[in-house]
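For reference, the structure is listed below as structure tokens.
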Amino acid sequence: MKCKAGLFSLYDLHLRTGLTVMNKEQLLEQQLNGNTTDYLMLIIKSFMAIVLYGRAITVLKKAKSLSLFGLHVKNTTMAEAVDWITQTQADNTQIGFFVNVHSINLSISDPTFFNQLSNANALFADGSGMRLAARKAGFQLNGNNNGTDMLPYLCKSCIKRKQSIYFFGAAPGIAQQAARKLCKKYPDLNIAGTEHGYNEGKHTEQIIESINNSGCDILLVAMGSPLQEEWLLNHRDKLHCKTALAVGGLFDFYSGNISRSPLWLREIGMEWVWRLLQEPRNKFNRYVIGNPIFLYRTFVLGLVNTGEK
């Protein structure tokens, strides 16, 4: 395509917020086919992104990994993150965690959780808060590596590499429902097994045996922080899979139990607002109290301590 996007573009908007739901050509085509309302919304969203994320992208430095709040975080694109998950080579199971505003707040208030995050083989930056923290020190995050956006790419990569996935966590029936829907969308996807997370620790050995017997390459554990991180680190030596990830509420989204926020909210890095509206009581402390505390620690106390690694 030889058309220029113009002063404001969907591609620049997605680049600024780290979204990877569409490629550059798709975004340009969508923009060119838009109506007057779409153009006005693009201008509004672009100005909001500038207010939220400040400086032009071109002045920000890049690094392969960063130290954010004392944690070594990989600075990867979505494709690079998926490659790490599917191609990592090691003698033992490699553990990956997604680090967001909530997990940073937990790690600051709970040294045990900080140590758990530090013991992962890879930490991926998830959400607009981490993007703001990195930009505070002049660094650009290459992508918003949240698990919800990543799963379709992971499924496609597993199909290509003939790898299988195991779902462990969430309420009874949720993981199984998510697996069914994903297999319907990706007929060649191999989900080796599912198990809900409401086992109260009574059948841990049986669950680990089931995971290992499935022969899965990748294990996704969805029990919420800090339980999922603790479970993975406590049992990593017993697992036979190649990679294991802590994925929070991922199965709830893909089962249809919880709806994903509209794209326009994700385009300005405000997906958390949708989660708060859906679960105001459960998410009040996390977002209404937690987000201002994170911003205070980042911009007033200067706890980011960001540096190239």
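The values are calculated or read from the model by the stated rules, or taken from the named source; none is laboratory data. Because the structure is a prediction, the values reported are computed rather than measured. A quick note on method: Cβ atoms are made from the backbone with ideal geometry, for glycine too, and the neighbour counts reach across all protein chains shown. Surface accessibility is based on the protein's heavy atoms, side chains included, excluding ligands, DNA and RNA. Shrake-Rupley method; radii C 1.70, N 1.55, O 1.52, S 1.80 Å.
Some notes on this structure:
- Residue in the stretch 122-136 that is in a helix (DSSP H, G or I), surrounded by fewer than 22 Cβ atoms within 10 Å (Cβ to Cβ) and free of Cβ contacts under 8 Å to residues at least 24 places away in the same chain present: no
- Considering Tyr198, Tyr166, the condition of being surrounded by 15 or more Cβ atoms within 10 Å (Cβ to Cβ), farther than 22 Å from Arg260 by Cβ, among the hydroxyl-bearing types (Ser, Thr, Tyr) and in contact (Cβ under 8 Å) with a residue 24 or more places away in the chain is satisfied by Tyr166 alone.
- Checking Thr93, Thr112 one by one, the residue that is in contact with a strand residue (DSSP E or B) (Cβ under 8 Å, 6 or more places away or on another chain) and under 30 Å from Asn212 (Cβ atoms) is Thr93 and no other.
- Any hit, the stretch 301-308, residues being modelled with pLDDT under 95, charged (D, E, K, R) and in a helix (DSSP H, G or I): no
- Among the residues listed as Pro172, Pro187, the single one being in a loop (DSSP other than H, G, I, E, B) and without any contact (Cβ under 8 Å) to a residue 24 or more places away in the chain: Pro187
- Of residues in the stretch 222-281 being farther than 23 Å from Asn92 by Cβ and of a type in the set (S, T, N, Q), the one surrounded by the most Cβ atoms within 10 Å (Cβ to Cβ): Ser255
- For the stretch 172-193, the count of residues that are closer than 18 Å to Gly248 by Cβ and loosely packed, with under 12 Cβ neighbours inside 10 Å is at least one.
- Looking only at residues of the stretch 296-308 that are within 16 Å of Val99 (Cβ to Cβ) and among the hydrophobic types (A, V, I, L, M, F, W, C), we find that the one that is least open to solvent (accessible area, probe 1.4 Å) is Val304.
- Every condition in (1) surrounded by 12 or more Cβ atoms within 10 Å (Cβ to Cβ); (2) modelled with pLDDT under 85; (3) of a type in the set (Lys, Arg) is met by Lys2 except one, and the failing one is (1).
- All told, Ile159 meets the bar of being at pLDDT 95 or above and farther than 26 Å from His203 by Cα.
- Condition met for Leu66 (touching a residue at least 24 places away in the same chain (Cβ under 8 Å), surrounded by 14 or more Cβ atoms within 10 Å (Cβ to Cβ) and closer than 16 Å to Leu19 by Cβ): no
- Number of the exception - Asn146 against (1) out of contact with any Lys or Arg (no Cβ under 8 Å at 6 or more places or on another chain); (2) surrounded by fewer than 23 Cβ atoms within 10 Å (Cβ to Cβ): (2)
- Hey, Leu220 assigned to a strand (DSSP E or B), under 19 Å from Asp252 (Cβ atoms), modelled with pLDDT of 95 or more and in contact with a helix residue (DSSP H, G or I) (Cβ under 8 Å, 6 or more places away or on another chain) or not: yes
- Subset of the stretch 72-109 that is closer than 16 Å to Ile165 by Cβ and among the small types (Gly, Ala, Ser) - its residue that is surrounded by the fewest Cβ atoms within 10 Å (Cβ to Cβ): Gly96
- Criterion violated by Ile108 - all others in (1) part of a helix (DSSP H, G or I); (2) at pLDDT below 90; (3) over 19 Å from Asn146 (Cα atoms) satisfied: (2)
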